[in-house]
1. Please identify the pairs in which a residue from the stretch B:54-77 that is loosely packed, with under 14 Cβ neighbours inside 10 Å has its Cβ atom under 7 Å from the Cβ atom of a residue that is assigned to a strand (DSSP E or B), counting only partners at least 6 apart or on another chain.
2. Among the numbered criteria (1) within 10 Å of chain B (Cβ to nearest Cβ); (2) out of contact with any helix residue (DSSP H, G or I) (no Cβ under 8 Å at 6 or more places or on another chain); (3) small (Gly, Ala, Ser), which single criterion is violated by residue A:72?
3. Mind checking which residues of the stretch B:73-107 are of a type in the set (Gly, Ala, Ser), under 16 Å from the mean Cα position of the chain (by Cα) and not in a loop (DSSP other than H, G, I, E, B)?
4. With the requirement that a residue be more than 11 Å from the chain's Cα centre (by Cα), within 11 Å of DNA strand D (Cβ to nearest atom) and of a type in the set (S, T, N, Q), what does the stretch B:1-53 give you?
5. Let me confirm something: among B:87, B:80, B:58, which residue is over 27 Å from residue A:12 (Cα atoms), modelled with pLDDT of 95 or more and either away from DNA strand D (no atom under 16 Å from the Cβ) or facing another protein chain (nearest Cβ under 9 Å) (or both)?
6. Kindly provide the set of residues from the stretch A:11-55 that are among the basic types (Lys, Arg) and more than 14 Å from chain B (Cβ to nearest Cβ), ordered by number.
2 protein chains.
Amino acid sequence: MKPMTEPAADAITLPGVMAALSDPVRVQILRALATSGECACGAFELEIAKATRSHHLRVLREAGLTHTRADGTRRLVSLRRDDLDARFPGLLDAVLAAAERETPVSV
Amino acid sequence: MKPMTEPAADAITLPGVMAALSDPVRVQILRALATSGECACGAFELEIAKATRSHHLRVLREAGLTHTRADGTRRLVSLRRDDLDARFPGLLDAVLAAAERETPVSV
DNA sequence: TCGTTGGTTCGACGACTCTCGAACCAAAGC
DNA sequence: GCTTTGGTTCGAGAGTCGTCGAACCAACGA
């Protein structure tokens, strides 16, 4: 399998993070990761094609928001909370709180 | 002059805000507004064409981040801090802090 | 009235994004 | 070996975005 490119903690950029979170689908994924912890790619209840889901997960990964590791045939995705909190303290929590406030029911 | 459309406080959406802040130029404008308060459009030290600056200011306004009022031939732009804090508490401060941390020198 | 100043709007261009089906691939199990 | 499973990658289509010059407009001052 490919190495799954992922930026270093200090290479995470604010516009990159904001761009990654400008899509509602990706915010939804972020919330799922924040509440459920490490998830397999297919575990998200998203009504989108596999290719599209893979695309969104790659955007999140390349923006430095998530970490992906291989586990057999599956990919386990997790939130890079420590790296994000270290680089942009409070930002992740503020975004998650804002998302929760905007759509409390979630999915 | 045209009315300068601007969303109501409760019509501000998170993806809208994130999308507006996914461009470094607009983050720069936001920081200038946060530190200097109300600014005339031309007061920003941006090396971009007038049309481009006008475009970015419109994106910020239509995302609900800024308020624009006419003053003679000028437009005075200000941050909608109260509305933003009411809708997404802590988000604006977290973004501003993140921007400051990423590029401390500012312009 | 006329020119200047400060901004907006109008195409237009290149670049990027989101979406998808189809093809592909690698690991696991039989 | 072969099939299934879980994801990725490719190519393409429609749409959006950032940028700009040129044109336009409204208010002010002389």
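1. As it stands, the answer is B:69/B:76; B:74/B:40, since those pairs meet every condition given.
2. The single condition residue A:72 does not satisfy is (1).
3. B:78, B:94, B:97, B:98, B:99
4. Residues satisfying the conditions are B:22, B:52.
5. Just one listed residue meets the conditions, B:80.
6. Filtering the stretch A:11-55 for residues among the basic types (Lys, Arg) gives A:26, A:31, A:50, A:53.
Within the stretch A:11-55, A:50, A:53 meet the criteria.
The values are calculated or read from the model by the stated rules, or taken from the named source; none is laboratory data. These numbers come from a predicted model, not from an experiment. Positions of Cβ are generated from backbone atoms using ideal geometry, with glycine treated the same way; all protein chains shown enter the neighbour counts.
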